[in-house]
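What follows is a single structure, written as C-alpha cells, with notes after it.
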Amino acid sequence: PQIFFITPTKFRAEQKADLTRLGQTLAHIPNLFWIIVEDADEPSEMPTKLLERLKFTSSVHIVARTPPEIRRNESDPNWKFPRGVAQRNAALEYLRTNHRSFKKSVVYFGDDDNVYDWRIFDEMRRIEKVGVWPVGIVGGTIVETPILAPNGTTVINFTSIWKPERPFPIDMAAFAVNLALIVENPTAEFSNHVPRGYQESHFLESLGLKRSDLEPKADFCTKIYVWHTRTENTKLLKRDRQRLQNPESLNLIEK
Ligand code: UGA
Ligand code: MN
C-alpha cells in the first residue's frame with residue numbers, strides 16, 4: 001500500500017533545517033507520496049527545490065494559508081491556536097480530488113519537526129482502518145502509549161496524562177488511517193473550533209471511528225518509532241528577527 005505523508009509547514013528560521021531532516025528520512029521510503037502543504041499564499045522555492053534535490057517522484061507541494069484570526073503573534077504562546085488545520089484539510093481535499101481510487105493507501109499526518117524511525121512505515125502498511133502506536137516525548141511524558149487488553153488486539157485505554165477524558169487522548173503522530181475512510185466520509189476534517197488537544201479526537205470521530213476500531217501496531221504498542229521532538233524557537237538577534245519579516249531578506253536563506 002501507498003503511504004500519503006501529509007506535512008503542514010510554516011516559514012521560520014528553522015524551517016529548512018527541519019524539512020531537510022524530514023525529507024532525507026522520507027526519501028528512503030518506498031511507495032511514499034509526500035504532500036507538503038505550505039502555510040502561505042504562494043508556494044515558495046525552498047520546498048520545491050528540496051523535492052527536486054531529493055528526487056521525490058511521488059510528491060506534491062500545495063499551499064493553504066492559516067486564516068489571520070487564527071495566526072499567532074510572536075508574543076502569543078505556541079498553544080494559543082491550533083496549528084496545521086487549514087493545511088491538513090487542504091491535503092484531505094487534494095486526496096479526495098486526485099487519489100480517490102487508491103483505496104488501499106494509508107494517510108499519516110507528519111509534522112515537519114518530529115523524528116520518524118523507518119520502521120513506522122512498515123507498520124502503517126498493515127493497517128486495515130486505523131492504526132495506533134506509542135509516541136515518544138509528548139504531553140509531558142517520556143512516552144504516550146495505548147494500553148492493550150490481555151488478548152493483545154484491543155486498545156482499552158491510554159497512558160496519556162493530559163486530558164485523558166478525550167475520546168482519543170493521542171497525538172497526531174500516533175495514528176494513521178486508510179484513505180478509503182477519508183473518501184467515504186467527505187466531510188471529515190480538522191477544525192479551528194475545537195478545544196485545545198481535541199484535533200485528533202475530532203478528526204477520528206468525524207471518520208466515524210470508535211476506540212474499538214484502533215489497531216495496535218509497533219509490536220503490540222511496545223516500541224517507539226516516532227518522537228514528538230520540537231525544534232527550539234531560536235532566539236534571534238533583533239536584526240535577524242527583522243530580516244526574517246522582510247520578504248526580500250528571504251534571499252539570506254539559501255534556497
Ligand atoms: C502538536 C501536534 O504534534 C501537532 O500535530 C498539532 O497540530 C499541534 O500540536 C496542535 O495542537 O495544533 P506542535 O509540535 O505543538 O504539535 O506543533 P508544531 O510542530 O508547531 O505545528 C504542527 C505542524 O504545523 C508543523 O509541521 C508546522 O510546521 C505546521 N504549522 C505550524 C503551520 O503550518 N502553520 C502554523 O502557523 C504553525
Ligand atoms: Mn511539532
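Being among the hydroxyl-bearing types (Ser, Thr, Tyr) and closer than 19 Å to ALA149 by Cα is the filter here, so list the residues in the range 161-216 that pass it.
As a first pass, look at the range 161-216 and keep what is among the hydroxyl-bearing types (Ser, Thr, Tyr): 187, 191, 198, 201, 206, 212.
Answer for the range 161-216, where residues must be among the hydroxyl-bearing types (Ser, Thr, Tyr) and closer than 19 Å to ALA149 by Cα: just SER212.
Given PRO164, PRO169, PRO150, which one is without any contact (Cβ under 8 Å) to a residue 60 or more places away in the chain and under 18 Å from GLY208 (Cα atoms)? Break it down stepwise before answering.
Working: PRO164 fails: under 18 Å from GLY208 (Cα atoms); PRO150 fails: under 18 Å from GLY208 (Cα atoms).
Being without any contact (Cβ under 8 Å) to a residue 60 or more places away in the chain and under 18 Å from GLY208 (Cα atoms) holds for just one of PRO164, PRO169, PRO150, which is PRO169.
I want to confirm something. Restricting to the range 193-231 and keeping residues that are in a loop (DSSP other than H, G, I, E, B) and free of Cβ contacts under 8 Å to residues at least 60 places away in the same chain, which single residue is least open to solvent (accessible area, probe 1.4 Å)? Steps first, please.
Residues of the range 193-231 in a loop (DSSP other than H, G, I, E, B): 193-198, 207-210, 217, 222-225, 228-231.
With the extra rule that they be free of Cβ contacts under 8 Å to residues at least 60 places away in the same chain, the set shrinks to 193, 195, 197-198, 208, 210.
On the way: HIS193: 160, PRO195: 81, GLY197: 19, TYR198: 55, GLY208: 52, LYS210: 116 Å².
Only one residue fits best here, namely GLY197.
Would you call LYS103 over 17 Å from the mean Cα position of the chain (by Cα), modelled with pLDDT under 95, within 16 Å of ligand 2 (Cβ to nearest atom) and surrounded by fewer than 18 Cβ atoms within 10 Å (Cβ to Cβ)? Step through it out loud before you land on a result.
Values: over 17 Å from the mean Cα position of the chain (by Cα): yes; modelled with pLDDT under 95: yes; within 16 Å of ligand 2 (Cβ to nearest atom): no; surrounded by fewer than 18 Cβ atoms within 10 Å (Cβ to Cβ): yes.
No; evaluated as a whole, the condition is false for this residue.
Among residues belonging to the range 1-53 that are in contact with a helix residue (DSSP H, G or I) (Cβ under 7 Å, 6 or more places away or on another chain) and in a loop (DSSP other than H, G, I, E, B), point out the one that is surrounded by the most Cβ atoms within 10 Å (Cβ to Cβ).
Within the range 1-53, the match that is surrounded by the most Cβ atoms within 10 Å (Cβ to Cβ) is ASP39.
Have a look at GLY152, GLY136, GLY84 and point out the one that is closer than 27 Å to ALA180 by Cβ and either in contact with a Lys or Arg (Cβ under 7 Å, 6 or more places away or on another chain) or within 16 Å of ligand 2 (Cβ to nearest atom) (or both).
Among GLY152, GLY136, GLY84, only GLY84 is closer than 27 Å to ALA180 by Cβ and either in contact with a Lys or Arg (Cβ under 7 Å, 6 or more places away or on another chain) or within 16 Å of ligand 2 (Cβ to nearest atom) (or both).
Kindly indicate whether GLU74 is open to solvent by 70 Å² or more (accessible area, probe 1.4 Å) and touching a helix residue (DSSP H, G or I) at 6+ places or on another chain (Cβ under 9 Å). Let's see the steps before the verdict.
Values: open to solvent by 70 Å² or more (accessible area, probe 1.4 Å): yes; touching a helix residue (DSSP H, G or I) at 6+ places or on another chain (Cβ under 9 Å): yes.
Against the criterion (open to solvent by 70 Å² or more (accessible area, probe 1.4 Å) and touching a helix residue (DSSP H, G or I) at 6+ places or on another chain (Cβ under 9 Å)), GLU74 qualifies.
For PRO150, indicate whether it is more than 27 Å from THR25 (Cβ to Cβ) and surrounded by fewer than 14 Cβ atoms within 10 Å (Cβ to Cβ). Explain how you work it out, then say what you get.
Working: more than 27 Å from THR25 (Cβ to Cβ): yes; surrounded by fewer than 14 Cβ atoms within 10 Å (Cβ to Cβ): yes.
Considered against the rule, which asks whether it is more than 27 Å from THR25 (Cβ to Cβ) and surrounded by fewer than 14 Cβ atoms within 10 Å (Cβ to Cβ), PRO150 comes out as yes.
Residue under question is ILE127, and the condition is that it be among the hydrophobic types (A, V, I, L, M, F, W, C), open to solvent by 10 Å² or more (accessible area, probe 1.4 Å) and more than 21 Å from PRO67 (Cβ to Cβ); does it hold? Quick ask: steps written out before the conclusion?
Details: among the hydrophobic types (A, V, I, L, M, F, W, C): yes; open to solvent by 10 Å² or more (accessible area, probe 1.4 Å): yes; more than 21 Å from PRO67 (Cβ to Cβ): yes.
The answer is yes for ILE127.
Taking the range 54-89 as the search range and keeping residues that are closer than 30 Å to GLN2 by Cβ and part of a helix (DSSP H, G or I), which one is nearest to the chain's Cα centre (by Cα)?
Top of the filtered list is ARG88.
Just name the residue that is nearest to ASN185 (Cα to Cα) out of those in the range 85-100 that are at pLDDT 95 or above and open to solvent by 80 Å² or more (accessible area, probe 1.4 Å). I'd like the intermediate steps shown before the answer.
As a first pass, look at the range 85-100 and keep what is at pLDDT 95 or above: 85-98.
Okay, now just the ones that are also open to solvent by 80 Å² or more (accessible area, probe 1.4 Å), so 93, 97-98.
Values: GLU93: 11, THR97: 13, ASN98: 16 Å.
Per the criteria, the residue is GLU93.
Could you grab me the full set of residues in the range 106-119 that are more than 16 Å from ligand 2 (Cβ to nearest atom) and either out of contact with any helix residue (DSSP H, G or I) (no Cβ under 7 Å at 6 or more places or on another chain) or open to solvent by 80 Å² or more (accessible area, probe 1.4 Å) (or both)? Full working, then the answer.
In the first step, residues of the range 106-119 are kept if they are more than 16 Å from ligand 2 (Cβ to nearest atom); the result is 106-107, 117-119.
ASP117, TRP118, ARG119 - these are the residues of the range 106-119 that are more than 16 Å from ligand 2 (Cβ to nearest atom) and either out of contact with any helix residue (DSSP H, G or I) (no Cβ under 7 Å at 6 or more places or on another chain) or open to solvent by 80 Å² or more (accessible area, probe 1.4 Å) (or both).
Which ones in the range 107-122 are closer than 17 Å to ILE170 by Cα and of a type in the set (Asp, Glu)?
Once the filter is applied, which keeps residues that are closer than 17 Å to ILE170 by Cα and of a type in the set (Asp, Glu), the range 107-122 yields only ASP111.
The values are calculated or read from the model by the stated rules, or taken from the named source; none is laboratory data. Since this is a predicted model, take the numbers as computed values, not measurements. Cβ atoms come from the backbone with ideal geometry, glycine included; neighbour counts cover every protein chain shown. Keep in mind that these areas ignore ligands, DNA and RNA; they rest on the heavy atoms of the full protein, side chains included. Shrake-Rupley method; radii C 1.70, N 1.55, O 1.52, S 1.80 Å.
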